[in-house]
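These notes concern the structure reproduced below.
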Amino acid sequence: MGLFGSKKPQIKISVFGKTDLGRTREHNEDSFLVADLTTQEASLQPTVREHVIGPKGSLLFVADGMGGAASGEVASQMAVESVFAHLRNTWCVESDNNPEQFAARLREAIEETNRKIYVAARERPEHKGMGTTATAVGVLGDQLYLAQVGDSRAYLVRDGQATQLTKDQSLMQRLVDAGELTEEEAEKSERKNIILQALGPDQKVKVDLTHQPVRRGDMIVVCSDGLSGQVRKDEIADIVARSHQDLVAASSQLIELANQRGGPDNITVIVAHLMGDGLNSAAPDDRVGHQPYHLLNGESTTEPVPIYTGSPPPEPKGAALALVVASVAACALLAAIYILT
């Protein structure tokens with residue numbers, strides 16, 4: 001209770017997550033996590049599905065595994081367990097609730113998880129080459145802190161419009177950034193699943209650390225490319241906005257739509273709705289999108305430059321694209337390319 005018995009402003013989150021095999025895969029290599037970091041409870045039980053954002057915040061996490069046999073499943077599950085354990089053992093037991101420290105611990109958790117998967121893949125021959133994407137969304141106060149490796153995505157849906165908060169660490173995204181492809185062309189490319197980084201294949205990763213202020217009524221969607229590769233962001237916004245009071249239905253409808261379009265990959269989605277008098281209403285000049293978060297140590301957190309250990313990247317069709325890829329490779333920007341399976 002506040003002064004004269006008034007209640008302290010609260011931020012409330014309603015959240016649900018779901019994963020699906022898809023129509024063509026034999027097993028599901030995706031994993032996800034929904035956690036209340038204040039109570040250190042990770043589940044889809046009612047106490048987590050609807051809770052007040054506490055002083056330690058909340059976590060939404062999606063991992064899309066890669067590798068032969070069951071290796072992708074192992075890598076994505078390791079990622080879920082490792083990131084949550086690291087935050088419990090560091091951030092959750094610290095007396096300081098500083099946002100800068102939260103962002104640093106989130107990045108640190110991803111980096112430590114990469115090390116664990118890398119070591120495990122080399123100690124267990126049956127899992128050689130395994131890896132996973134990782135997209136973690138930490139909610140603390142009225143801010144999102146996003147730590148990403150790979151191409152699983154996070155969107156913010158506000159006033160019926162979806163904005164992508166993450167930037168794919170992919171070949172197609174690099175070509176879009178270079179002005180050689182439009183976003184529409186990249187989405188239709190046969191090479192859209194070629195990624196530049198994953199947790200596990202290399203000793204080190206460069207985590208893309210970003211942030212986003214949130215407003216009352218905002219909705220967050222975190223998903224694997226099994227969804228984003230089949231369902232456009234305007235369709236995601238439409239389904240989520242119409243079903244914001246029923247997150248179970250929204251998740252199911254998104255997965256059903258991806259399956260109707262072939263379901264070529266595993267499909268995982270988390271949908272969250274933020275409410276409460278602790279959040280301001282949206283303003284016309286609010287900035288929404290991919291916004292790098294710079295830690296005080298000054299280290300760059302974006303534009304990863306992974307260590308090259310893999311085979312040469314496939315050459316895109318067309319002389320212009322081939323030239324761009326060659327130029328980018330010459331600058332060591334297209335290193336360590338791996339294809340999600």
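The values are calculated or read from the model by the stated rules, or taken from the named source; none is laboratory data. Since the structure is predicted, the reported quantities are computational estimates derived from the model, not experimental observations. A quick note on method: Cβ atoms are made from the backbone with ideal geometry, for glycine too, and the neighbour counts reach across all protein chains shown. SASA here: full protein model, heavy atoms, side chains in, ligands and nucleic acids out. Shrake-Rupley method; radii C 1.70, N 1.55, O 1.52, S 1.80 Å.
The share of alpha-carbon pairs in the stretch 1-149 lying farther apart than 24 Å comes to 37%. Pairs of Lys residues in the stretch 47-194, spaced 8 or more positions apart or belonging to different chains, with C-alpha separations under 29 angstrom: 9 in total. Within the full protein context, the accessible area of residue 275 is estimated at about 80 Å² for a probe radius of 1.4 Å.
Based on the Cβ-Cβ distance from residue 10 to residue 232, what FRET efficiency comes out when R0 is 41 Å, to the nearest 0.05? If you can, show how the numbers build up before the last one.
Working: r = 34 Å, r/R0 = 0.83.
For R0 = 41 Å, the calculated efficiency reads 0.75.
Between residue 295 and residue 119, the contour length at 0.36 nm per residue exceeds the alpha carbon distance by 60.6 nm. For the stretch 160-203, GluC sites (Glu not before Pro) meeting the loop criterion (DSSP other than H, G, I, E, B) and having at most 12 other Cβ atoms within 10 Å: 190. Taking label positions 7 Å along the Cα-Cβ direction at both residue 203 and residue 163, the computed distance is 4.0 nm, reported to one decimal. With the simple model of a label 7 Å out from the Cα in the direction of the Cβ, residue 97 to residue 281 spans 2.7 nm. For residue 295, nonlocal amide neighbours, meaning residues 5 or more places apart or on other chains whose placed amide H falls under 5 Å from its own, do not occur. Computed from label points 7 Å out along Cα-Cβ, the spacing between residue 260 and residue 50 is 2.9 nm.
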